[in-house]
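Below: one structure, written as structure tokens.
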Amino acid sequence: MKAAVYMEKRDPPKLEIVDLPYPEPGVGEVTVKLKYVGVNPIDYWIAGGRYPLESPNRIVGSEGYGVVDSVGKGVDEVSVGDAVSIYPWLYCGSCKYCVRGLENLCVRGGIIGGIWDGCYAEYVKLPVNNVVKVDSSGREEYLAVAGVSALTAYHAVELAEVSKRESVLVYGASGNVGMFILQYSKIRGATVYGISRWGWITSYGADYRLSLDDLERYISEYGVEFDVIFNPVGGNLFGESLKYLSKRGRLVTFGGLKSMSSEIDIASLYRRELRILGSTGGSYLEFKRVVQDLAEEKVFPRIWKIFSLEAATYALRSLFDPERSGKILIKI
């Protein structure tokens with residue numbers, strides 16, 4: 001099979017197209033013939049060396065959609081020919097987190113494309129518990145973004161307990177996850193503000209589009225305060241977000257695109273009873289819900305560009321193209 005692999009960790013990443021043996025499924029495993037793969041910052045960071053993973057695997061890609069090509073012994077959940085979407089978190093099923101339905105926090109687990117060869121390839125071998133059968137009549141491109149973009153958003157909104165009539169502010173509203181946080185917050189009945197220079201976010205759940213430069217002025221002029229703020233940017237912007245929260249407001253992070261460090265005003269935190277929530281991935285049951293939502297187009301991505309597998313390096317580097325305006329996919 002053809003695969004895009006990194007030979008060394010470097011920034012910017014460089015992927016090479018190589019021929020590898022077909023990944024034969026073992027007991028309890030399936031091999032999926034991929035059709036579409038989602039491109040995400042975590043792919044860039046793994047291949048670029050930002051994530052200090054000690055793994056012999058060299059194929060990134062945590063998000064994908066395809067068709068079951070072969071099955072190993074003991075597999076009866078899916079059959080050859082079934083369309084499936086990929087749940088990206090490997091999990092043991094028996095640790096204290098897995099038994100509570102928190103597979104994304106498994107103590108023995110990790111993410112596909114990190115500790116397990118990922119989806120930048122023609123085929124990927126996976127435990128059968130990491131695929132979910134989907135309606136093949138759904139839009140394939142949409143079903144390819146379930147595992148990271150949509151799931152991360154759904155889990156974060158659930159964790160924050162966004163509710164009707166609350167005010168929500170989303171930094172990076174046009175990003176892979178941000179566009180889905182807009183939609184899931186709107187579904188819950190919130191008033192949604194998105195920070196982005198792209199006007200299309202108002203078609204993806206944002207009631208108001210704000211620019212970062214005008215945020216202070218807007219808040220001062222209209223007296224707005226937010227019950228929930230989603231901030232994956234990190235750095236100084238993360239600490240500054242606290243002052244925009246209402247009392248008992250929630251600040252949610254699921255990454256640090258600019259920086260993983262920030263100064264926090266501890267006095268403001270306890271005097272106003274603010275909460276800071278970390279969110280990573282999502283559970284298996286949440287993933288099944290997200291797949292259904294995408295199949296029924298209750299939520300959907302904005303696709304910016306689709307690259308070939310041969311152009312995987314350019315797809316990965318395009319994540320930080322200042323003109324990027326939506327999701328990047330690789331068509332296999």
- [ ] Return a yes/no flag: does region 15-38 have any residue that is buried (at least 21 other Cβ atoms within 10 Å of the Cβ), in a loop (DSSP other than H, G, I, E, B), in the same structural domain as Val78 (by TED's automatic domain parsing) and within 20 Å of the chain's Cα centre (by Cα).
- [x] no
Open item on the list: What's the total number of residues in region 99-135 that are free of Cβ contacts under 8 Å to residues at least 60 places away in the same chain, assigned to a loop (DSSP other than H, G, I, E, B) and either touching a Leu at 6+ places or on another chain (Cβ under 6 Å) or of a type outside the set (A, V, I, L, M) (or both)?
Closed with: 3
Open item on the list: For the condition outside any loop (DSSP other than H, G, I, E, B), charged (D, E, K, R) and under 28 Å from Lys331 (Cα atoms), what is the one hit in Glu158, Glu141, Glu216?
Closed with: Glu141
Task: The one condition in (1) at pLDDT below 95; (2) part of a helix (DSSP H, G or I) that Arg289 fails to fulfil - done: (1)
Open item on the list: Quick test for you: out of Gly28, Gly109, Gly114, Gly48, pick the one residue that is modelled with pLDDT of 95 or more and small (Gly, Ala, Ser).
Closed with: Gly28
Open item on the list: Let me spell it out: the conditions are (1) touching a residue at least 60 places away in the same chain (Cβ under 8 Å); (2) crowded, with 20+ Cβ neighbours inside 10 Å; (3) of a type outside the set (S, T, N, Q); (4) on the phi < 0 side of the Ramachandran plot, and Gly61 meets all of them except one. Which number is the exception?
Closed with: (4)
Task: region 289-304 - residue that is charged (D, E, K, R) and closer than 15 Å to Val148 by Cα and, of those, surrounded by the most Cβ atoms within 10 Å (Cβ to Cβ) - done: Asp293
- [ ] Report whether or not Gly189 is under 28 Å from Pro88 (Cα atoms) and out of contact with any Gly (no Cβ under 8 Å at 6 or more places or on another chain).
- [x] no
TODO: Specify the residue that is surrounded by the fewest Cβ atoms within 10 Å (Cβ to Cβ); the eligible residues are those in region 305-327 that are in a strand (DSSP E or B) and either out of contact with any Asp or Glu (no Cβ under 9 Å at 6 or more places or on another chain) or not hydrophobic (A, V, I, L, M, F, W, C) (or both).
DONE: Ser308
Open item on the list: Anything in region 78-114 that is within 17 Å of the chain's Cα centre (by Cα) and β-branched (Val, Ile, Thr)? List them, or say none.
Closed with: Ile86, Ile111, Ile112
- [ ] Can you work out which of the residues in region 222-245 that are part of a strand (DSSP E or B) and not charged (D, E, K, R) is surrounded by the most Cβ atoms within 10 Å (Cβ to Cβ)?
- [x] Phe230
Task: Subset of region 246-273 that is assigned to a strand (DSSP E or B) and of a type outside the set (D, E, K, R) - its residue that is modelled with the lowest pLDDT - done: Ser259
TODO: Tell me, please, whether a residue that is touching a helix residue (DSSP H, G or I) at 6+ places or on another chain (Cβ under 6 Å), closer than 24 Å to Leu237 by Cα and of a type in the set (A, V, I, L, M) can be found in region 131-150.
DONE: yes
Open item on the list: Can you report the number of residues in region 72-88 which are without any contact (Cβ under 8 Å) to a residue 60 or more places away in the chain and outside any loop (DSSP other than H, G, I, E, B)?
Closed with: 1
Task: Output for region 232-283, where each listed residue is farther than 29 Å from Cys98 by Cα, touching a residue at least 60 places away in the same chain (Cβ under 8 Å) and in contact with an Asp or Glu (Cβ under 8 Å, 6 or more places away or on another chain) - done: Tyr244, Ser246
TODO: Return the total of residues in region 187-200 being within 16 Å of Val157 (Cβ to Cβ), free of Cβ contacts under 8 Å to residues at least 40 places away in the same chain and outside any loop (DSSP other than H, G, I, E, B).
DONE: 4
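The values are calculated or read from the model by the stated rules, or taken from the named source; none is laboratory data. This structure is a prediction, so every number in the text was calculated from the model and none was measured. Neighbour counts are summed over all protein chains in view; Cβ atoms, including those assigned to glycine, are modelled from backbone coordinates with ideal geometry.
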